[in-house]
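Shown next, in structure tokens, is the structure this report addresses.
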Amino acid sequence: MRGYRAGMTLSSTSAPALPAGGAQPFTDAEVAAVRAEFPILARTVRAGRPLVYLDSGATSQKPRAVLDAERAFYERHNAAVHRGAHQLAEEATDAYEAARAAVAAFVGAAADELVFTKNATEGLNLVAHAFSSATAYRRLGTAEADDRFVLRPGDEVVVTEMEHHANLVPWQELCRRTGATLRWLGVTDDGHLDLADLDRVLTPRTRVLAVTHVSNVLGTITPVAELAAAAHRVGALLVLDACQSVPHLPVHLPGLGVDLAAFSGHKMLGPSGVGLLWGRAEVLDAMPAFLTGGSMIETVRMEGSTYAPAPQKFEAGVPMAAQAVGLHAAVDHLSALGEGGTGMARVEAHERALVARLLAGLAELPWVRVLGPAGTAERGAVVSFVVEDVHAHDVGQVLDDDGIAVRVGHHCAWPLHRRFGVAATTRVSFGPYNTTGEVDAVLAGLHRVRAVFA
Amino acid sequence: MDLYAELILEHAKRPQGAGLREPFDAEVHHVNPTCGDEVTLRVDLDGDTVRDVSYDALGCSISRASASVLHGLVVGREVPTGLAVQAAMRTMLTSRGTDAGDEDVLGDGIALAGVSRYPARVKCALLPWMAFTDALGRSAASGTPSDVDYGGPTIR
């Protein structure tokens, strides 16, 4: 434990100390200090071009503190978590549980309400499977099942047209397993959820409303509190995809009024291979286990088993301790980007300023069509657009030639692209390390795209 | 950059043989699931000769140019020759820059050699060629339309 603490202190203090200044964007000097902590940002790509990384919506880059924390864990404390009584097992378990507490505090939650998963996709599948397991238990009479998770004939599952495939396909599959009906909220031309539809789509037959907090394509911030209240009025649970919000905005999950929320570690400066599912304690208690096996049990007999309370109930097998420790360093790093732990407010202000600069620049290009809300107030750190008569792959390739990494394609939101009548878009997404110069680079790159293909 | 040779841009802007035509022996629909690119392709055979390849390609410049090149290379030729051209194209495209292609076999198609250095784009160039061999196989079998997704290097 002492060794682990020493390692973490070293990691978390290596983040640059920055003045808060009322949640202002980072100054040039501050962003330079932020960037200095990310070794990958110093490399060049293609023909020696400096890397301009504008794909943080897909995955963020990792600061040295995260890399150091993972390495320190393996060098000093590595052991199987929640097993064994030797010193290393104690230290590894303490490190893992300290990570849970730190990530929980980062989103305003209690530690025992936070489940480590492989990634956010697994978290959402875990919830979908809770419904089908409860439904099967009830139909077969093989186990107790909480009414909220039991789907009866005629029951409905509601999603939205702007969901990432990870918050759509698991619900489609749930409907196939149970016979429930999938319904969805549409999207308006300006990229908002069509709430005019809300009372028609949400009915007493609705058991769950699964919705994103921030669209990974449009950037739209959805009215989560309003949606949660509407879901609760009809007796449905609200499941939130928080993958594009938690890394970019200060988020207090219990304060949103939602029941469950999934997010991923690798999009918030953390390692890959670790995600989170937050749930209100009594909701997690009511949910059947998902993956089963070691660690998640209470007693095991040949005839049957009982299970540990949440969150352990949902963490079968030896967990990803090093990744959790890396994520601990990541949330410490993010919080430390602002004075007194106000880092996320600075990150939000900084990324919003970059979005505003990009939107203003794109508005000058009549051959570019931006998808999603026109203003920055209802937007996260994502801007997707179409260049007239040029396929997104070709846009991305020319930008890549300039060293600019953007995402092209349907961004795992194919129905949303279909809704807007486009096969693919180019997406610029920001992290705390991006600069106004990088925004200008992408705008200049688009002129080159035009020159090659026009 | 060596991806967008003038010849490729020319094929993409003015594709040869674009559009779907009657009659045809088989029609296939192939999708690149990473980016949503689609091609519908028909083959019309006269005995052992490819009388026509007609297609509707929705996608990036590379996949559209590749379909145009394919039309120029296989129409009017024997099926085994068409399959040999397809094999040579596939070998070049998947060579990671080690096979520049034989102009005697691939004609304008050698302008696609640069694609092989961009693994994420190889599938774009292969899309019409995979559709072509699938359509030939189906014309021999039943002539019924197919709807095929296929994998490859992904940028999902």
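The values are calculated or read from the model by the stated rules, or taken from the named source; none is laboratory data. The shown structure was predicted, so the numbers you read here are calculated from the model rather than taken from an experiment. Methodologically, a virtual Cβ is constructed for each residue, glycine included, from the backbone with ideal geometry; neighbour enumeration extends over all protein chains shown.
Can you give me the number of residues within the range A:103-120 that are part of a helix (DSSP H, G or I) and buried (at least 22 other Cβ atoms within 10 Å of the Cβ)? If you could, list the steps in order and put the result at the bottom.
Filtering the range A:103-120 down to residues part of a helix (DSSP H, G or I) leaves A:103-106, A:111-113, A:120.
From what's left, buried (at least 22 other Cβ atoms within 10 Å of the Cβ): A:103, A:106, A:113, A:120.
Qualifying residue count, the range A:103-120: 4.
So in the range B:22-43, with the set limited to residues that are away from chain A (no Cβ under 14 Å) and charged (D, E, K, R), which one is nearest to the chain's Cα centre (by Cα)?
That would be B:42.
Say we look at the range A:259-291 and pick out the residues that are farther than 27 Å from residue A:338 by Cα and among the charged types (D, E, K, R); which of these is surrounded by the most Cβ atoms within 10 Å (Cβ to Cβ)?
Step by step, filter the range A:259-291, then rank; the result is A:259.
For the range A:376-394, give me each residue that is of a type in the set (A, V, I, L, M, F, W, C) and either more than 11 Å from every other protein chain (Cβ to nearest Cβ) or closer than 27 Å to residue A:183 by Cβ (or both). Lay out the reasoning, then the answer.
To start, the set of residues in the range A:376-394 that are of a type in the set (A, V, I, L, M, F, W, C) comprises A:377, A:381-383, A:385-387, A:390, A:392.
Once the filter is applied, which keeps residues that are of a type in the set (A, V, I, L, M, F, W, C) and either more than 11 Å from every other protein chain (Cβ to nearest Cβ) or closer than 27 Å to residue A:183 by Cβ (or both), the range A:376-394 yields A:377, A:381, A:382, A:383, A:385, A:386, A:387.
Across the range A:27-61, what is the total count of residues that are closer than 30 Å to residue A:412 by Cα and either β-branched (Val, Ile, Thr) or in contact with a Gly (Cβ under 8 Å, 6 or more places away or on another chain) (or both)?
Number of matching residues: 14.
Among the numbered conditions (1) in contact with an Asp or Glu (Cβ under 8 Å, 6 or more places away or on another chain); (2) within 27 Å of residue A:91 (Cβ to Cβ); (3) without any contact (Cβ under 8 Å) to a residue 60 or more places away in the chain, tell me where residue A:305 comes up short.
Of everything listed in (1) in contact with an Asp or Glu (Cβ under 8 Å, 6 or more places away or on another chain); (2) within 27 Å of residue A:91 (Cβ to Cβ); (3) without any contact (Cβ under 8 Å) to a residue 60 or more places away in the chain, residue A:305 misses just condition (2).
Being over 26 Å from the mean Cα position of the chain (by Cα), closer than 30 Å to residue B:124 by Cα and at pLDDT 95 or above: is that true of residue A:358 here?
On the way: over 26 Å from the mean Cα position of the chain (by Cα): no; closer than 30 Å to residue B:124 by Cα: yes; at pLDDT 95 or above: yes.
Here the answer is no, as residue A:358 does not meet what is asked.
Given the structure, is residue A:239 in a loop (DSSP other than H, G, I, E, B), buried (at least 19 other Cβ atoms within 10 Å of the Cβ) and touching a Leu at 6+ places or on another chain (Cβ under 8 Å)?
Values: in a loop (DSSP other than H, G, I, E, B): no; buried (at least 19 other Cβ atoms within 10 Å of the Cβ): yes; touching a Leu at 6+ places or on another chain (Cβ under 8 Å): yes.
Answer is no for this residue.
Residues checked against (1) part of a loop (DSSP other than H, G, I, E, B); (2) more than 14 Å from chain B (Cβ to nearest Cβ); (3) in contact with a strand residue (DSSP E or B) (Cβ under 7 Å, 6 or more places away or on another chain):
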{"site": "A:316", "(1), (2), (3)": "yes, yes, no"}
{"site": "A:325", "(1), (2), (3)": "no, yes, no"}
{"site": "A:329", "(1), (2), (3)": "no, yes, no"}
{"site": "A:340", "(1), (2), (3)": "no, yes, no"}
{"site": "A:351", "(1), (2), (3)": "no, yes, no"}
{"site": "A:422", "(1), (2), (3)": "yes, no, yes"}
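Among the residues of the range B:95-112, write down those that are surrounded by fewer than 20 Cβ atoms within 10 Å (Cβ to Cβ), outside any loop (DSSP other than H, G, I, E, B) and of a type in the set (Gly, Ala, Ser).
Across the range B:95-112, the qualifying residue is only B:107.
On the basis of being buried (at least 24 other Cβ atoms within 10 Å of the Cβ) and within 25 Å of residue A:272 (Cα to Cα), does residue A:330 make the cut?
Yes; evaluated as a whole, the condition is true for this residue.
Within the range A:278-302, how many residues turn out to be part of a helix (DSSP H, G or I), under 15 Å from residue A:117 (Cα atoms) and not aliphatic (A, V, I, L, M)?
The total comes to 0.
In the range A:243-258, what residues are touching a helix residue (DSSP H, G or I) at 6+ places or on another chain (Cβ under 7 Å) and either within 25 Å of residue A:408 (Cβ to Cβ) or surrounded by fewer than 24 Cβ atoms within 10 Å (Cβ to Cβ) (or both)? Steps first, answer last, please.
Keep residues of the range A:243-258 that are touching a helix residue (DSSP H, G or I) at 6+ places or on another chain (Cβ under 7 Å), which gives A:243, A:248-250, A:256-258.
If the condition is that a residue be touching a helix residue (DSSP H, G or I) at 6+ places or on another chain (Cβ under 7 Å) and either within 25 Å of residue A:408 (Cβ to Cβ) or surrounded by fewer than 24 Cβ atoms within 10 Å (Cβ to Cβ) (or both), then A:243, A:248, A:249, A:250, A:256, A:257 are the ones that fit.
Are any of the residues in the range A:145-155 among the hydrophobic types (A, V, I, L, M, F, W, C), farther than 26 Å from residue A:267 by Cα and either at pLDDT below 95 or outside any loop (DSSP other than H, G, I, E, B) (or both)?
Yes, the range A:145-155 contains at least one residue that is among the hydrophobic types (A, V, I, L, M, F, W, C), farther than 26 Å from residue A:267 by Cα and either at pLDDT below 95 or outside any loop (DSSP other than H, G, I, E, B) (or both).
Just checking, does the range B:4-21 include any residue being surrounded by fewer than 19 Cβ atoms within 10 Å (Cβ to Cβ), in contact with a Gly (Cβ under 7 Å, 6 or more places away or on another chain), more than 10 Å from chain A (Cβ to nearest Cβ) and touching a residue at least 24 places away in the same chain (Cβ under 8 Å)?
Yes: the range B:4-21 contains one or more residues that are surrounded by fewer than 19 Cβ atoms within 10 Å (Cβ to Cβ), in contact with a Gly (Cβ under 7 Å, 6 or more places away or on another chain), more than 10 Å from chain A (Cβ to nearest Cβ) and touching a residue at least 24 places away in the same chain (Cβ under 8 Å).
Being charged (D, E, K, R) and out of contact with any strand residue (DSSP E or B) (no Cβ under 8 Å at 6 or more places or on another chain) narrows it down to one residue among A:122, A:91, A:161, A:113; which is it?
Answer to the check: A:91.
If you check residue B:125 against the conditions, is it assigned to a loop (DSSP other than H, G, I, E, B) and either in contact with a helix residue (DSSP H, G or I) (Cβ under 8 Å, 6 or more places away or on another chain) or β-branched (Val, Ile, Thr) (or both)?
no
Can you pull out the residues in the range A:395-414 that are away from chain B (no Cβ under 11 Å), surrounded by fewer than 23 Cβ atoms within 10 Å (Cβ to Cβ) and not in a loop (DSSP other than H, G, I, E, B)?
Answer for the range A:395-414, where residues must be away from chain B (no Cβ under 11 Å), surrounded by fewer than 23 Cβ atoms within 10 Å (Cβ to Cβ) and not in a loop (DSSP other than H, G, I, E, B): just A:405.
Do we find a residue being surrounded by fewer than 16 Cβ atoms within 10 Å (Cβ to Cβ) and free of Cβ contacts under 8 Å to residues at least 24 places away in the same chain anywhere in the range B:70-80?
So far as the range B:70-80 goes, no, none of its residues is surrounded by fewer than 16 Cβ atoms within 10 Å (Cβ to Cβ) and free of Cβ contacts under 8 Å to residues at least 24 places away in the same chain.
Could you check, for the range A:201-212, whether at least one of its residues is closer than 24 Å to residue A:355 by Cα and more than 15 Å from the chain's Cα centre (by Cα)? If you could, list the steps in order and put the result at the bottom.
At the first step, the residues of the range A:201-212 found to be closer than 24 Å to residue A:355 by Cα are A:211-212.
Then keep just the ones that are more than 15 Å from the chain's Cα centre (by Cα); that gives none.
For the range A:201-212, residues closer than 24 Å to residue A:355 by Cα and more than 15 Å from the chain's Cα centre (by Cα): absent.
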